[in-house]
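Reading through the structure tokens given below for one structure.
Taken together, the values in this text are just the output of simple stated rules run on the coordinates, not laboratory data. Note that the coordinates shown come from a computational prediction; the quantities given were computed from them, not determined experimentally. Ideal geometry is used to build each Cβ from the backbone, glycine not excepted, and the neighbour counts take in all protein chains shown.
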Amino acid sequence: MDLFDKISKNMGPLGQHQKMAHGYFAFPKLEGEIGPHMKFRGKDHLVWSLNNYLGLANHPEVREADANAAAEFGMAYPMGARMMSGNSNHHEALEKDLAEFVGKQDAFLLNYGYQGIMSAIDALVDRHDVIVYDAESHACIIDGVRLHQGKRFVYTHNNIDNLEKQLERATRWVENTGGAILVITEGVFGMSGAQGKLKEITDLREKFKFRLLIDDAHGFGTMGDTGAGTHEAQNCIDGVDIYFGTFAKSMAGIGAFIASTEEITNFLRYNMRSQTFAKSLPMPMVLGLRKRLELLKNKPELRAKLWEVATTLQTGLKERGFNIGITNTMVTPVFFEGDLNEATAITMDLRENYAIFCSIVMYPVIPKGLIMLRLIPTALHSMDDVKRTLDAYSEVGAKLKKGVYKEVKLATA
């Protein structure tokens, strides 16, 4: 069979919908200044789909730092990979600040979050080692685990009893191979909004020997008394051996970092292939990230406002009978029992008739049989924005109960 013929017959679980979805449900274009109010297809919308938790994307101090750095250095400097010719004092200063903030000895900057954690997993374990990971881990973790040439065991999402059983299996396995055990989970699960049970996992060290890697993409900057992360929120900073955070959420930037002991961080510096062979982060990004981190640490009122918006929104949704799952973070999923046709009809109704933009999420991002509309609160949303959204969801919920959306014929966008 010809490769292209094969692909044309199976465009993938998401790709099969591309003709209908492209430009509307998938790859939409939001225009205007980044914030809660932007334009979609030329019409003003209230937006709940931006990972701009603390509202730093267009903060005037951030814009100034970005612009000044671009004017001084351009977008090319420093040239080359960090190991060869792309290092700078500013890169190292940012790493030092990040490590101190999340409670680790050292940190290493990464160009991207997704490829970063994949490459970290690949570097940390060999074929003699065992990975034990949460069943609802982000796709980047799953893809990283797939790179592993040794044994891997998956435990039921946030189920500590099942994790213990998998650790028993892993322990027996490494007794024969002479390998080690790496447990991987998330600080905040980005779809459900649930926190990983980090403290309970670290407590298992009384019975098992393992190291713990957490992906805290959504927790970094939002969780804990200072925003240092979910490990701070759960009072187990020392129990997390390897901390991974991204700049794409609370920092409204691009890139990521990984932090651990000085020895392990240096090991990653010299063994993560995605970084060894990748160009260094450009200076405007690095200096802009330093300003973002400064604001994140010194303006706790931004985090307080984020949580005020999130708490008000979630409380209102629950009072109106909506299923927001088990979230105990700012991530706000709204689950519906309905088919794809109903879900798309709801999304279109919200956008076309209420001018509210939120993302529709479906398999393979979440398990089959579930449809979710995910709301991402930010420090820039107002209480009026929350009220408007709750009122709209009340009307949409009533229509759903009446079966109105079953009557809607799914049209191409």
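Things worth noting here:
- Along the axis of the charge dipole computed for the stretch 267-321 (Cβ charges of +1 for Lys and Arg, -1 for Asp and Glu, origin at the Cα centre), the listed residues 313, 280, 300 are led at the positive end by 280.
- Shape index of the stretch 262-355: Rg/Rh, with Rg the Cα radius of gyration and Rh the Kirkwood radius from the inverse mean 1/r over Cα pairs, equals 1.17.
- Within the chain, helix-based [θ] at 222 nm, where runs of 4 or more DSSP H residues each add -39,500 (n - 2.57), nearest 500: -13000 deg cm²/dmol
- Between residue 33 and residue 301, the simple spin-label model (points 7 angstrom out along Cα→Cβ) gives 1.8 nm.
- Between the alpha-carbon centres of the stretch 83-138 and the stretch 140-179 there is a gap of 20 Å.
- Relative to the Cα centre, the charge distribution of the stretch 60-298, modelled as +1 at Lys and Arg Cβ and -1 at Asp and Glu Cβ, gives a dipole magnitude of about 580 debye.
- Under the combined filter of DSSP loop state and at most 12 neighbouring Cβ atoms within 10 Å, the stretch 192-286 retains these trypsin sites (Lys or Arg not before Pro): 207, 209.
- Fully extending the segment from residue 391 to residue 58 would add 117.1 nm, taking 0.36 nm per residue of separation and subtracting the current Cα-Cα distance.
- Along principal axes, Cα extents of the stretch 60-298, largest first, whole Å: 57, 37, 28
- Convex hull volume of the C-alpha atoms in the stretch 51-102, normalised per residue: 124 Å³.
- Computed log10 I(q)/I(0) for the stretch 130-183 at 0.19, 0.28 Å⁻¹: -0.61, -1.12, from the Debye equation with unit scatterers placed on every C-alpha and solvent omitted.
- Counting only DSSP beta bridges whose two residues both lie in the chain, roughly 55 percent are antiparallel.
- Shown is the FRET efficiency for residue 273 and residue 323, computed with R0 = 45 Å from the Cβ-Cβ distance and rounded to the nearest 0.05: 0.60.
- Contact order normalised by residue count of the chain, Cα under 8 Å, 6+ apart, percent: 22 percent
- Length released on extending from residue 68 to residue 226, taking residue separation times 0.36 nm less the Cα-Cα span: 54.1 nm
- The length gained by stretching the chain between residue 16 and residue 339 to full extension, at 0.36 nm per residue less their Cα-Cα distance, is 114.7 nm.
- Each peptide in 66-76, 381-391 gets a packing score, the mean of other Cβ atoms within 10 Å over its residues, and the list from highest to lowest is 381-391, 66-76.
- Normalised by 2.2 N^0.38 Å, where N is the number of residues, the alpha-carbon radius of gyration of the stretch 34-123 equals 1.42.
- Count, lysine Cα pairs under 25 Å in the stretch 1-138, 8 or more residues apart or across chains: 8
- Whichever lysines have a C-alpha closer than 22 Å to that of residue 318, once near sequence neighbours (fewer than 8 apart) are set aside: 305, 387, 399, 401, 402
- Low-density loop cleavage sites - chymotrypsin sites (Phe, Trp or Tyr not before Pro) in the stretch 263-335, where at most 15 other Cβ are within 10 Å (DSSP): 277
- Of the peptides 171-180, 223-232, the ranking by mean beta-carbon count within 10 Å, highest at the top, reads 223-232, 171-180.
- Shape index of the stretch 86-153: Rg/Rh, with Rg the Cα radius of gyration and Rh the Kirkwood radius from the inverse mean 1/r over Cα pairs, equals 1.06.
- Alpha-carbon centroids, the stretch 207-224 and the stretch 32-76: separation in whole Å: 28 Å
- Dipole orientation for the chain: of the candidates 46, 194, 99, 46 has the Cα lying most toward the positive pole (charges on Cβ; Lys, Arg +1; Asp, Glu -1).
- Point-charge dipole on Cβ atoms (K/R +1, D/E -1) for the chain, about Cα centre, debye to 20: 1000 debye
- Overall form of the stretch 300-356 per C-alpha gyration tensor (a/c, 1.5; a/b vs b/c): prolate
- Estimated distance in nm for a label pair at residue 105 and residue 93, the labels positioned 7 Å out from Cα along Cα-to-Cβ: 2.5 nm
- Per-residue packing, averaged as other Cβ atoms within 10 Å, sorts the ranges 87-100, 124-137 into the order 124-137, 87-100, beginning with the highest.
- Structure-derived mean projected area of the Cα convex hull in nm² - corresponding label in [x] 22.2; [y] 18.7; [z] 33.2: [x]
- With a cut-off of 19 Å on the backbone N, the residues of the stretch 307-346 near the modelled label site 7 Å out from residue 383 along Cα-Cβ are 307-320.
- Applying a length cut-off of 27 Å (Cα extent along the axis) and a mean Kyte-Doolittle floor of -1.0 to the DSSP H helices of the chain leaves 300-319, 383-402.
- Taking every alpha-carbon pair under 8 Å whose residues sit at least 6 apart, the stretch 1-140 reaches a relative contact order of 8 percent.
- Ranking 14, 116, 77 by Cα position along the charge dipole of the chain, where only Lys, Arg, Asp and Glu carry charges on their C-beta atoms, puts 14 farthest toward the positive end.
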